[in-house]
Amino acid sequence: MLGGTVAFLLVVVFALAGGELRNLLARRGHRAPAMEGLSFLVLGYLLGDEALGLFPRDLIQDLRPVVLLGVAWIGLMFGLQIELRVISQLKPWHRALGWAAPAVVGAVVGGGAVVLGLGAHQGLVLAALATACSPATLESLTRGRGAPADRSAARLLRLVVAYSGLPAVLLFAAVTVMSSPLATAGAGGLAAPELLAFSMGVGVLVGYLSLALARGGEGHISLLTLLTGTMSMVAGASAALGTSSLPAAACAGAVIINRGTFAHRMLRVAHGLERPLLVALLVLVGASWTGVAFSWPVFGVMVGGRWLGAALGGGLISRAASRHGVPLRVTGLGYGLLPQGELALGLLVALEGLGIGAPGVFEAVVGAMAVHQVMGQWWLRRCLLPGPALRAS
């Protein structure tokens, strides 16, 4: 079994190689969002303690600095896409639908967890994970393939999956704050709302600090170094508070994109490191898989609950579209909410790094995410991409 330092170097090698391989395949027109993530999960499992034994079983804890930075970077990427100018231009019913449809999915999963006796806290954890959807899957499948079979349905689905990160991150922030040692320390700690406000405030301050330091240094390397340093600051501060760095990093990214004069250049720079960090997290997740502890109730509520929640959310989308005179030609639109991407993975790894969740929850959620990705992509290919035989609604 390799030590922490050697394991870290091996993860870096696979992360860089995986990012380059994905870019090479993309340039040649080969895109398979479902298989990309699963392949790195399988690779991590084969290298982990359950197979070849190259990585220790508690790899996420051994490589905690990598995990903290990777989670912060995912939060940064999410925050850099929250443009208030664009959001303000949406119609009110679009904004309401973007919040409501993902919230329905999370509510069904969280309620199902409570009914199954998993507890209110575990229900909140699973609801936060279930709410997050993947805009990247839909974008990857439709890019370069011409117009979708139903433009109106595709637009509404893009809107909802893009918005899903907002309720997911807010709910996740609340869960991690309630689990923080500072919030549970009684008289010697902070109340959960105070800790949440303090954590978000750290993100806002770091965002403005990044903008101030970026003045006069707009080169790619300078901005990449700056963002890496500021995200390390966010990760360290969040670790000291006992919370996750993802919500604070998202606040920093939102400040940068909305208050910066060259924020989109910073977004392009941040994208350069996103893929290697994502591959590293996928390898870490796969290596941390243990078949000994697998929570079938969690797997069942995450799969069945998200399917039911997606069906209800799709019905909500269809009814809202009908009320506002937007014709839809596809049915089952909510199943496009099933795929879960980088944000959901970051939330899961952050929860595991904080030690939140009963034994077997991590493995069950990873298995459910794989099912969601494959089945959601199947629906998108069959019903929404150019060329499918459409069903009358």
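Structural remarks
- For segment 216-238, the criterion of a residue being under 30 Å from Lys91 (Cβ atoms), assigned to a helix (DSSP H, G or I) and either at pLDDT 85 or above or not acidic (Asp, Glu) (or both) is satisfied by no position.
- Of the residues in segment 66-87, none is more than 23 Å from Gly253 (Cβ to Cβ) and out of contact with any Cys (no Cβ under 6 Å at 6 or more places or on another chain).
- Scan of segment 27-54 for residues that are in a helix (DSSP H, G or I) and either modelled with pLDDT of 65 or more or exposed (fewer than 15 other Cβ atoms within 10 Å of the Cβ) (or both), ordered by number: Arg27, Met35, Leu38, Ser39, Phe40, Leu41, Val42, Leu43, Gly44, Tyr45, Leu46, Leu47
- Condition check for Gly336: at pLDDT 85 or above, in a helix (DSSP H, G or I) and in contact with a Cys (Cβ under 9 Å, 6 or more places away or on another chain): yes
- Gly346 vs. criteria farther than 20 Å from Pro148 by Cα and assigned to a helix (DSSP H, G or I): yes
- Selection within segment 115-145 - more than 20 Å from Gln340 (Cα to Cα) and crowded, with 17+ Cβ neighbours inside 10 Å: Leu118
- Every residue from segment 265-324 that is surrounded by fewer than 20 Cβ atoms within 10 Å (Cβ to Cβ) and outside any helix (DSSP H, G or I): Thr290, Gly291, Val292, Ala293, Phe294, His324
- Here Ser245 passes the criteria (1) at pLDDT 85 or above; (2) surrounded by fewer than 22 Cβ atoms within 10 Å (Cβ to Cβ); (3) among the hydroxyl-bearing types (Ser, Thr, Tyr) except the one numbered (2).
- Applying the set (1) at pLDDT below 75; (2) crowded, with 24+ Cβ neighbours inside 10 Å to Gly165 leaves exactly one unmet item: (1).
- Any hit, segment 88-100, residues being surrounded by 20 or more Cβ atoms within 10 Å (Cβ to Cβ) and within 17 Å of the chain's Cα centre (by Cα): yes
- Flag if Thr131 is within 17 Å of Ala364 (Cα to Cα) and polar (S, T, N, Q): yes
- Pair list, Cβ under 6 Å, 6 or more apart: segment 222-235 residue small (Gly, Ala, Ser), other residue assigned to a helix (DSSP H, G or I) and at pLDDT 85 or above: Ala235/Ala72; Ala235/Ser245
- Cβ-Cβ under 6 Å pairs, at least 6 apart or on other chains, segment 83-98 side in contact (Cβ under 8 Å) with a residue 40 or more places away in the chain, far side loosely packed, with under 14 Cβ neighbours inside 10 Å and outside any helix (DSSP H, G or I): Trp93/His324
The values are calculated or read from the model by the stated rules, or taken from the named source; none is laboratory data. Note that the structure is a prediction, hence the values are computed from the model and not measured. Quick reminder, even Gly has a Cβ in these numbers, built from the backbone with ideal geometry, and neighbours come from all protein chains shown.
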